[in-house]
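First the structure, in the form of structure tokens, and then the observations on it.
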Amino acid sequence: MNKKIPLIISILFFMLSVLYISSDEIFQNIQDPRQPFQTYLKPPAPNYNLESSWLSLPDLNSKTIQSEPKGDVFVVVPSVYRGGKHWLLRDEDTRRKNKLKRIVRPNYVAPYGDAGRLFAPYYRQASIYSFFTDSEDALKAQDFAYKDVRRAFEYFLKKSPPERPIVLVGHNQGASHVQRLLAESIDEKTLKRLAVAYIIDYPTPYDLFNTTLSSYSPCESKSSTKCIVSFGAFMPGDKKIAKTYVESLMVHDGNEYAPINNRPLLCINPLSWTLSEAYVPASFHKGGVAAEGLDPDVKPAAITKEVGAICQGGVLNVDKPNSRSLRRPFIFGSKFRTLPSNLFYEDLRVNAKLRVESTINSGFVPKRAPNFLINDIQEIKESPISSIIQ
């Protein structure tokens, strides 16, 4: 009996090893909806005139906008729906909607609040599975999700006064949609107001700056404006997902979605905000946050000096954080999930505010005319009108 125990342990170890090695393939197979997107019953479209269609929406009737020297921030949130039965996140999926409120809003929307008013739409986001296959159905799901984002952005522009700089932010799937917004939905007047666009955890090929993104340039310093910041951060142990990032993810080229295929990628180090490929030590790290369930007005305490970082081969390689709360959780399919933390929360918060201030000081945006209140108007005395008749 005792002689069989080592054999059983060896068999179990072998089976677990095989399961671990093939876990990504198993996970992706489970998430396949197995139905054509064309005949798939889509959920109802969000109505962006309603507050309920926004994860974050400012008080558009507030008069503080008349005096505050800030911008307006449009944030496209990352993926929370892995896939399975559906191609798209459905409005009745309360568990994922709650995850957007509990985890995504405090970690991925809140950092930009110091830069200006926060607009973050709900949208019928494509499943995470859609981004890890090049099937025609998956690409249609991505395109469908983008069209919701574009409609929300059009609403945002109508509500954003011309004297306020704008910041565009996309994390993960949201970054893919922001990249396409930059190519298709920014006119010359809006471009003058652009403080920065953050494309985070989604690849930006350099060759797009010669085509669809030719109106922009990479941000070369921490205060550059009208430019793009892009990086995909990977910790030790993320080699497989980093490989997908540089090889397989799909980027819209103006006509269709096409795979990256190892094209040179933009990587800006958020610890230095430069294109340098030199290692930046953890002493420059302003702080990460693992927030959950916080009210929108509550500012979490950042965990500082956790990671150093270096851009290598188009990806941002970061040190393993000392704090477990900032690491990728070790659960099934964790490589495909949105992290319940923002490793560069504080770095992004400070930088977005700085770029908005730089845009205001640059003179590219018009000055708001002073508001004359009725009490400020001096009494006008009645004057006789005389006419001379000759």
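Laboratory data are not the source of any read-out in this text; all were calculated from the coordinates shown. Here the structure is a predicted model, which means the values were calculated and not measured. Cβ atoms come from the backbone with ideal geometry, glycine included; neighbour counts cover every protein chain shown.
Just rank 231, 156, fewest to most, by other beta-carbon atoms within 10 angstrom.
Going from sparsest to densest Cβ surroundings: 156, 231.
May I ask for the net charge around residue 263, where only other residues with Cβ less than 10 Å from the Cβ of residue 263 are counted and Lys, Arg are +1 while Asp, Glu are -1?
It works out to a net charge of -2.
Could you give the nm distance between label points at residue 68 and residue 312, where each point is 7 Å from its Cα heading toward the beta carbon?
Reported label-point gap for residue 68 and residue 312 is 4.2 nm.
Could you compute the FRET efficiency for residue 284 and residue 361, with r as their C-beta to C-beta distance and R0 at 22 Å, rounded to 0.05?
0.35
Can you list the aspartates and glutamates whose alpha carbon is less than 18 Å from that of residue 299, not counting same-chain residues fewer than 8 positions off?
Qualifying aspartates and glutamates at Cα under 18 Å: 114, 346, 347.
Using the Cα centre of region 204-296 as the reference point, and only Cβ charges (+1 on K/R, -1 on D/E), how large is the resulting charge dipole? Debye, rounded to the nearest 20.
220 debye
At a threshold of 8 angstrom on Cα-Cα distance, excluding pairs fewer than six apart, so keeping six or more, what relative contact order does region 52-207 reach in percent?
30 percent
At 0.36 nm per residue, minus the direct Cα-Cα distance, what do residue 239 and residue 258 gain on full extension? Give it in nm, one decimal, please.
Extra length from residue 239 to residue 258 when fully extended: 4.6 nm.
Order these by the 10 Å Cβ neighbour count, fewest first: 295, 201, 347, 143.
Placing the least packed residue first, the sequence is 295, 143, 201, 347.
Tell me, 230, 62, 53 in order of fewest to most beta-carbon neighbours within 10 Å?
Ordered by Cβ neighbours within 10 Å, fewest first: 62, 53, 230.
If you stretched the chain out fully between residue 49 and residue 297, how much longer would it get, using 0.36 nm times the residue separation minus the C-alpha to C-alpha distance?
Here the answer is 87.0 nm.
Using a Förster distance of 35 angstrom, determine the FRET efficiency expected from the C-beta separation of residue 215 and residue 247, and round it to 0.05.
Here the calculated transfer efficiency is 0.80.
What is the distance in Å between the Cα centres of region 69-99 and region 151-215?
19 Å
Return the distance in nm (one decimal) between the two label points of a simple spin-label model at residue 39 and residue 98, each offset 7 Å from Cα along Cα→Cβ.
Placing both labels 7 Å along Cα→Cβ, they lie 3.5 nm apart.
Give me the one-decimal Kirkwood hydrodynamic radius in Å for region 23-368, with the sum taken over alpha-carbon pairs.
It works out to 20.2 Å.
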